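The values are calculated or read from the model by the stated rules, or taken from the named source; none is laboratory data. Here the structure is a predicted model, which means the values were calculated and not measured. Counting neighbours? That spans all protein chains shown, and the Cβs are built from the backbone with ideal geometry, glycine included.
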Amino acid sequence: MRNIAYKKSIIREILSSKARFISILAIIFLGVTVYSGIKSAGPDLKDSINEFFSKQNLMDSKIVSSIGLNDNDLKLLQNNDKILDYYATHSIDVNLTNTNNVVRFMEYDPNAVMNKTIVTEGRLPENSGEIALDKNALKENENFKIGDEYTIESDVDLDEYFSKKTFKIVGFVQSPMYIENISRGTTTVGKGSIDYFAILNSSDISMDVYTEIYIQFKNVKDIGSYSDEYKEKMERYNDLKESLEAERSGKVRDVTSDYENVEEMEM
């Protein structure tokens, strides 16, 4: 009898305040729906970014030296059984006085298979005198367009680094090394942060040494970049930095893992 009376009391309470009951029920359903969506979105987002990194063949690590890297450094990597692939490249950060921006200029190597650039409009700089801009450059100057002239002016002499100072914009691009929409990393020039990057034909950048060496390791190829397993295995490669520092008398200044690069954004 008590159970029957209790049930009748509940029904009377619901019927006497239908609007409140429906509102509470809707809130519960909404909460469950949001929680389920967030719970299922996490793995999907990780799968999507891992697929993107794999498609663009993103590096696992980057070796950087404040005084440059040369062929002797590359020789140290040639016979390392932990390394799947590597390549050296050139870049230079410039404080542009004509636009009040700090830009990282990187060389375009059509033979490079790592860190593949994504063309969002136009094309890559296949010829000398051409330049492709980071899509983020449009946030700094929305008037940039394909066919415009792009001039490099700085408060320091750049003649030793660039074969010319005026280029034709031929495209807009994205890089898997910069997945954030805001940050493009830090630098030692200008205000200390990079506004956007730009890609030049390799014939337009002249440097005696390499500025970066990008590396991929063998046993992390099919492991998700944000997984604990990936982080643990990448931590074991810290001995690579130590061996390079020992053999090159401390020349190598920094070795960063891909998961650390993503936080800087600079996967």
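Points worth noting:
- Whenever a residue of segment 211-240 is assigned by TED's automatic domain parsing to the domain that holds Arg104, its partners that are polar (S, T, N, Q) and in a helix (DSSP H, G or I), lying with C-beta atoms within less than 7 angstrom and at least six residues away or across chains, give the pairs Gly224/Asn50; Ser225/Asn50; Lys233/Asn219.
- In segment 50-67, the residues that are surrounded by fewer than 19 Cβ atoms within 10 Å (Cβ to Cβ) and under 14 Å from Leu84 (Cβ atoms): Ser54, Asn57
- Selection of segment 130-154 for residues being closer than 16 Å to Asn181 by Cβ and among the acidic types (Asp, Glu) yields Asp134, Glu140, Glu142.
- Against the numbered list (1) under 14 Å from Met177 (Cα atoms); (2) touching a helix residue (DSSP H, G or I) at 6+ places or on another chain (Cβ under 6 Å), Tyr86 comes up short only at (1).
- Some residue of segment 8-21 being in the same structural domain as Asp222 (by TED's automatic domain parsing), of a type in the set (D, E, K, R) and either surrounded by 10 or more Cβ atoms within 10 Å (Cβ to Cβ) or at pLDDT below 85 (or both): no
- Summed over segment 157-187, residues that are exposed (fewer than 14 other Cβ atoms within 10 Å of the Cβ) and under 16 Å from the mean Cα position of the chain (by Cα) total 4.
- For segment 110-128, a tally of residues being touching a helix residue (DSSP H, G or I) at 6+ places or on another chain (Cβ under 9 Å) and crowded, with 16+ Cβ neighbours inside 10 Å returns 4.
- Here segment 120-147 is the region considered, the condition is being more than 15 Å from Leu200 (Cα to Cα) and acidic (Asp, Glu), and the residue that is farthest from the chain's Cα centre (by Cα) is Glu142.
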